[in-house]
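Shown next, in C-alpha cells, is the structure this report addresses.
The values are calculated or read from the model by the stated rules, or taken from the named source; none is laboratory data. Quantities reported herein were computed from a predicted structural model and do not represent experimental measurements. Every residue, glycine among them, receives a Cβ derived from its backbone with ideal geometry; neighbour counts consider all protein chains shown. To get the accessible areas, we keep the full protein, side chains included, count just its heavy atoms, and leave off ligands, DNA and RNA. Shrake-Rupley method; radii C 1.70, N 1.55, O 1.52, S 1.80 Å.
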2 protein chains.
Amino acid sequence: MSGGIGTSIHAHAKGPAMKVRVHVSLKPGVLDPQGRAIHHSLEGLGFTGVNDVRAGRLIELDVADGVTDADLDEMCRKLLANMVIESYRIEKVAAPELKA
Amino acid sequence: MSGGIGTSIHAHAKGPAMKVRVHVSLKPGVLDPQGRAIHHSLEGLGFTGVNDVRAGRLIELDVADGVTDADLDEMCRKLLANMVIESYRIEKVAAPELKA
C-alpha cells in the first residue's frame, strides 16, 4: 500500500459491488447510557409512549462480490462488534446504493 | 415527572408495545472519518474487496401502539438525526423483541 492518504478509496474493487449493512447492538442486559440519554431527551421534548431506547451502530459496507459470508462474519467478530457486550446482524442489500 | 433517576423505565407504556428501528446515516458526500478509519482497519487486518465503508447509528425504540408515524418522524427530525448532514429511515418490527 502506498503512503498516500485520501487517494484511491475505490481502487480495490474486485468485480461488481454488493452492499452490506451490519447492525451492531448491545446485548440485552448490558447497560446503555446513550440509549437512556436519548430516552430522557425524548421525554423532555414531550414525546410520550416511548418505553425503551437502545442505541447501536450501523455500518454500511460496499464490498466486492467475491467477499463471502464467512469473510463478513470475521470482519464483524474481529473489528466491527465487541462480542463481549454486542451482537451483530448482517443484512445484504441487492443494489449498491452507496455507489449510486 | 418525578425526579427519580433510573426508576420506572417501563412505566410509561400505553397499551401493547411496538418495536421501531431508526437507521441514521450520513448523507452522500458528507465526509465520514469514522467510516474511513474502519475501512483502513479492515485493510490492515488483511480483508480485501472492501470498496467503501460508511458509519451510521441504529436506534431501537420500544414504543406504545398509540405512537403514530408522524410522531416517529418528528422524533427523528428533532433529536435522533441531524437533518443537515444525516438522513434517517424508520423500520417497524412486528414483534417487540426488546421486551422479550
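Take region A:24-47 and flag every residue that is surrounded by 12 or more Cβ atoms within 10 Å (Cβ to Cβ), in contact with a Leu (Cβ under 9 Å, 6 or more places away or on another chain) and closer than 22 Å to residue B:68 by Cα.
Passing the criteria: A:35, A:38, A:39, A:41, A:42, A:47.
Would you please list the contacts, defined by Cβ atoms under 8 Å and residues six or more apart or on different chains, that run from a residue in region B:22-45 that is at the interface with chain A (Cβ under 8 Å from one of its Cβ atoms) to a residue that is open to solvent by 80 Å² or more (accessible area, probe 1.4 Å) and in a helix (DSSP H, G or I)?
Partner pairs satisfying both residue conditions: B:45/A:78.
Name the pairs: first residue in region A:49-67 and among the hydroxyl-bearing types (Ser, Thr, Tyr), second residue surrounded by fewer than 22 Cβ atoms within 10 Å (Cβ to Cβ) and not in a strand (DSSP E or B), Cβ to Cβ under 9 Å, at least 6 apart or on different chains?
Note: no pairs meet the criteria.
Quick check on region A:54-79: of everything there that is in a loop (DSSP other than H, G, I, E, B) and within 7 Å of chain B (Cβ to nearest Cβ), which residue is farthest from residue B:47 (Cα to Cα)?
Going through the qualifying residues, I end up with A:66.
For region A:83-95, enumerate the residues that are under 19 Å from residue B:47 (Cα atoms) and open to solvent by less than 70 Å² (accessible area, probe 1.4 Å).
The answer is A:88, A:90, A:91.
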